[in-house]
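Student: Take this structure, written in structure tokens, and hold onto it; I'll ask about it next.
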There are 4 protein chains.
Amino acid sequence: MSERASAHKRAQYRHFLPIQTRWSDNDAYGHVNNVVYYSWFDTVVNEYLIASGALDIQASAIVGLVVETHCNYFSELAFPQRLDAGMRVAHAGRSSVRYELALFGADADTASAQGHFVHVYVDRASRRPVPLPPALRAAVERLRI
Amino acid sequence: MSERASAHKRAQYRHFLPIQTRWSDNDAYGHVNNVVYYSWFDTVVNEYLIASGALDIQASAIVGLVVETHCNYFSELAFPQRLDAGMRVAHAGRSSVRYELALFGADADTASAQGHFVHVYVDRASRRPVPLPPALRAAVERLRI
Amino acid sequence: MSERASAHKRAQYRHFLPIQTRWSDNDAYGHVNNVVYYSWFDTVVNEYLIASGALDIQASAIVGLVVETHCNYFSELAFPQRLDAGMRVAHAGRSSVRYELALFGADADTASAQGHFVHVYVDRASRRPVPLPPALRAAVERLRI
Amino acid sequence: MSERASAHKRAQYRHFLPIQTRWSDNDAYGHVNNVVYYSWFDTVVNEYLIASGALDIQASAIVGLVVETHCNYFSELAFPQRLDAGMRVAHAGRSSVRYELALFGADADTASAQGHFVHVYVDRASRRPVPLPPALRAAVERLRI
């Protein structure tokens, strides 16, 4: 339904997380609300970084601030569907990373929605950008396309 | 932390659903917010009813209206923990069902939180209580304690 | 719809906060989901405590842990309705407070839903219960019934 | 924090809705989570359309499907701040509208975040695009820049 993007395939992504939908994901139109996709983006990225030893929500000296998010929606999803979130890294700069994400129905090879978000990593206290720590850089490089 | 309830064990429940936590489940105190437990209650009950053929969100002639909810919290949970939700039925009346729910850390036998909610089943249009349809009664009887 | 509680009137509450509903408050049935009421309870209690100088989310030495929540639902609400949340304090112990809350349609004198939650105040680091600090005790005593 | 966009001023928007923050808007980092901004976008657009007589969530023959969303974040917000959402229309085609939104702290003239979303209006049953009905076209034209 958008002229500006065409739906990706699973093979274009490097890491996957199964996503469990919830009753509250459906809005008054009976499908997953557009906002919810971004909570899945947050979940897959942070779960990957935590599992990789690159992020500790409470203790890390750095915090990832989201400076840009974007999503294109191609087909409707609805609770109680099972989904998979795909993740890859398009760019890793000195302090920032552009993560790209897509949502696939459990049996689908074509994305129902895809988007990106850009994290700038800052010092937790000063909120000033800092270079990506080595564990974080290693984790994101593993998903670079 | 509550004098009024003591934490249940897994063996006291009849049906389980693994629960995937999300980044947004954690609040400003870094643990799962008290509100989120209820969205898991909604999810496990509705997923069970849909999988049992007892509910179709869009098409069923009946709708379950929630008339009472309750939860006691015993220990903190936090994303990215894996959890299991336990479910059982304490009472099934002419038009209403009392569901009881508990949340367990993936490796825990004792509940971190437990509660209940009461559904009154009503006609979708008139919002008047109706007798439980046979498929719904059969589904809830299977989880009766 | 519940035999166990009857709907309160505005005059039974001591403090009110107007509540703005959101698109996402409505669920697949087109009314405010039962879970959302609890996010309003959290909002009115914390906004009152912060405005009273009794709580600083980031800096307070204490944290309020929710150990019990409850809600009875009498009539449906839906975005884009305007609401008022009523608040009162039923009990203030050494370390705990029982807050009682009710939701009123902007033009209604009778509650659409009402409930309570119990906060135990703990030391932020040790998570051990502590006596209510004077500013907090003063704030809750002002709403005692 | 983004090179790609610069923060707008209030004078660049045509319609404003005060936004009440909630406890649950803050995430584990103590600021409003990036996802929440989109729930405000949904709220201001739908509240405007409903108040204009251009949309009835339950009864309208048409449904607005979101096909693209985007947001740039410039400065952090946090509950219990008061905000204003600004809204304008950048483009209205045969079946689609591009809404542009910005969030302002109650005392700020510069946006903390801004973005857009694109609605394609479809027939509720067939999900096929339809021409904007006259009441909807009039409502969006009033906010055209």
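No lab work stands behind these numbers, since they all come straight from the coordinates. Note that the coordinates shown come from a computational prediction; the quantities given were computed from them, not determined experimentally. Note: ideal-geometry Cβ built from the backbone for every residue, glycine included; neighbour counts use all protein chains shown.
Student: I want the local charge near residue C:24. Using Cβ-Cβ distances under 13 Å, sum +1 for each Lys or Arg and -1 for each Asp or Glu among the other residues. Please report the intermediate quantities before stating the final value.
Tutor: On the way: positive: A:22, C:22, D:22; negative: A:25, A:27, C:25, C:27, D:25, D:42, D:47.
With Lys, Arg at +1 and Asp, Glu at -1, the neighbours total -4.
Student: Using the Kirkwood radius over Cα pairs, work out the Stokes-Einstein diffusion coefficient for chain A at 20 °C and 1.002 mPa s, in µm²/s as a whole number. Before the final figure, lay out each step's value.
Tutor: Values: Rh = 15.8 Å.
Rounded, D is 136 µm²/s.
Student: Another question, then. Please identify, among D:11, D:111, D:61, the residue showing maximal mean-square fluctuation in a Gaussian network model of chain D using a 10 angstrom Cα cutoff.
Tutor: D:11
Student: Under 5 Å between amide H atoms, partner at least 5 residues away or on a different chain: which partners does residue B:112 have, H built in plane at 1.01 Å?
Tutor: It is B:103, B:104, B:105, by chain and number.
Student: Further question on the same structure: For segment B:4-61, what is the Kirkwood hydrodynamic radius in Å, using each pair of distinct C-alpha atoms?
Tutor: Working: mean 1/r = 0.0721 Å⁻¹.
About 13.9 Å, per the Kirkwood formula over Cα pairs.
Student: Another question, then. Would you calculate a helix-derived [θ] at 222 nm for chain D, using -39,500 (n - 2.57) for each DSSP H run of n ≥ 4 and dividing by the full residue count, to the nearest 500? Intermediate results must be reported in sequence, preceding the final value.
Tutor: Working: 2 runs with 24 residues, N = 145.
Roughly -5000 deg cm²/dmol at 222 nm, from the helical runs in chain D.
Student: Connecting C-alpha atoms closer than 10 Å in a GNM of chain D, tell me which of D:107, D:84, D:25 has the biggest fluctuation.
Tutor: In this elastic network of chain D, the residue with the biggest mean-square fluctuation among D:107, D:84, D:25 is D:107.
Student: Note the direction-averaged projected area, equal to a quarter of the hull surface, for the Cα convex hull of the protein assembly as shown, in nm². Before the final figure, lay out the partial values.
Tutor: Details: hull surface 101.5 nm².
So the mean shadow area of the Cα hull is 25.4 nm².
Student: Another question about this same structure. Averaged over B:76-83, how many beta carbons belonging to a partner chain fall within 10 Å of each residue's beta carbon?
Tutor: Numbers: counts 2, 0, 3, 8, 8, 0, 0, 0.
Going residue by residue through B:76-83 and averaging, the value is 3.
Student: Once the other residues with Cβ under 13 Å from the Cβ of residue B:137 are scored (Lys, Arg +1; Asp, Glu -1), what is the net sum?
Tutor: Details: positive: B:94, B:142, B:144; negative: B:141.
Residues near residue B:137 contribute +2 overall.
Student: Find the relative contact order for chain C and round it to a whole percent, using C-alpha pairs within less than 8 Å whose residues are 6+ positions apart. If you can, show how the numbers build up before the last one.
Tutor: On the way: 278 pairs, mean separation 43.9, N = 145.
Computed over chain C, the figure is 30 percent.
Student: Aspartates and glutamates within cross-link reach of residue C:9: Cα-Cα under 14 Å, excluding same-chain residues under 8 positions apart?
Tutor: C:84, C:100, C:107, C:109
Student: What size of dipole, in debye to the nearest 20, comes out for segment D:10-141 about its Cα centre when the only charges are +1 on Lys and Arg C-beta atoms and -1 on Asp and Glu C-beta atoms? Walk me through the numbers on the way to the answer.
Tutor: Details: 11 positive and 13 negative charges, 104 e Å.
The dipole of segment D:10-141 has a size of about 500 debye.
Student: Residue separation times 0.36 nm, minus the C-alpha to C-alpha distance between residue B:61 and residue B:14: what's the value?
Tutor: 14.2 nm
Student: So, in nm, how far is label residue D:126 from label residue C:126 when the simple model puts each one 7 Å beyond its Cα toward the Cβ?
Tutor: Those two pseudo-labels are separated by 7.0 nm.
Student: Still on this structure, please answer the following. Given +1 on the Cβ of Lys and Arg, -1 on the Cβ of Asp and Glu, and no further charges, what dipole in debye does the protein assembly as shown carry about its Cα centre, rounded to the nearest 20?
Tutor: 0
Student: What is the minimum Cβ-to-axis distance for chain D, in whole Å, where the axis maps D onto A, and to which residue does it belong?
Tutor: Residue of D nearest the axis onto A, distance in Å: D:70, 2.
Student: Taking amide H atoms as placed 1.01 Å from N in the peptide plane, list the residues 5 or more away in sequence, or in a different chain, whose amide H sits under 5 Å from that of residue B:68.
Tutor: The answer is B:118, C:73.
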